[in-house]
Amino acid sequence: MIENQQKSTENSQPKLKVCGLTQLGQIRELVALKIDFIGFIFYEKSPRYVLNHLSLEDIFKIEHSGKGGVFVNENADKIIEIAEKADLNFIQLHGDESEDFILELRKKLKPEIKIIKVIRVGNQISDFRFQTQKIFDSAQTDNQQPTTINYLLFDTESKAFGGTGKSFDWNILNEIEIPLPYFLSGGISLENFHQLKTINQQPFALDINSKFEIEPGIKDVEKIKEFVNKFKSPKGTT
């Protein structure tokens with residue numbers, strides 16, 4: 001099963017996710033652009049905390065099949081409540097959630113809602129390898145059970161939870177076995193996205209955020225459009 005998941009991401013162009021959205025008008029523009037995934041941050045300490053700007057009902061009414069909610073060490077019942085009231089399709093866990101917690105959450109979530117687990121990448125390849133190996137071992141031993149984690153997301157390590165706007169050395173991804181399709185985050189920009197071609201196992205999706213903002217939560221939609229045009233052009237990442 002894992003081998004098939006890997007092959008499905010190696011030879012196709014990554015999808016696109018725009019995270020940290022707070023403005024309905026901008027969200028509508030991105031939906032019209034056919035952005036694959038749109039992300040909302042439900043972490044109160046984030047400057048992009050969506051409930052400071054939109055209600056759960058507002059998010060519920062957005063017609064999109066790739067709505068994701070970002071949570072940091074939130075309790076499972078609260079995640080379930082928000083997922084239902086906002087009609088989320090993806091849950092992104094960006095904290096220190098344990099395997100037991102994720103298993104509990106998986107049992108409570110609707111089966112069609114997918115789970116994305118974030119792994120924060122620092123300078124220690126040994127730590128990064130250990131984290132991904134744990135997930136690989138779990139997937140190998142639990143392959144008779146419903147998949148607990150559907151996707152990984154690799155982001156740059158930081159002392160605080162959340163995006164840094166900085167990219168890590170993407171070549172580190174070539175030094176490990178990645179057990180699941182993954183989102184790549186952390187400082188992706190118009191200037192560096194062409195370097196993606198150095199990654200052997202290509203991302204399932206790119207997650208863009210702070211490099212495409214006027215200020216936290218306020219996107220530069222024209223810059224996103226430019227990225228989409230360059231990214232999807234034949235001279236883009238391939």
Taking a straight Cα-to-Cα line shorter than 24 Å from K197, and setting aside same-chain lysines fewer than 8 residues away, one finds K7, K15, K17, K34, K117, K166, K211, K223, K225, K230, K232, K235
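Let me check something: with ligands and nucleic acids excluded, how do I214, I38 order by accessible area (1.4 Å probe), largest to smallest?
Details: I214 120, I38 0 Å².
I get I214, I38, largest accessible area first.
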Once the in-chain neighbours fewer than 8 apart are removed, the aspartates and glutamates whose Cα is under 12 Å from K110 read E81, E84, D87
Once phi for every residue in segment 102-112 is put through the Karplus expression 6.51 cos²θ - 1.76 cosθ + 1.60 (θ = phi - 60°), the whole-Hz ³J(HN,Hα) values, with Gly and Pro written as x, are 5, 5, 4, 4, 4, 5, 8, 6, 4, x, 7
Extension length gain for Q133 and E226 (0.36 nm per residue less Cα distance), in nm, is 29.8 nm
Ignoring ligands and nucleic acids, E215 exposes an accessible area, probe 1.4 Å, in Å² to the nearest 10, of 110
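The values are calculated or read from the model by the stated rules, or taken from the named source; none is laboratory data. These figures come from a predicted structure and were not determined experimentally. Protein only, heavy atoms only, side chains kept; ligands, DNA and RNA dropped before computing areas. Shrake-Rupley method; radii C 1.70, N 1.55, O 1.52, S 1.80 Å.
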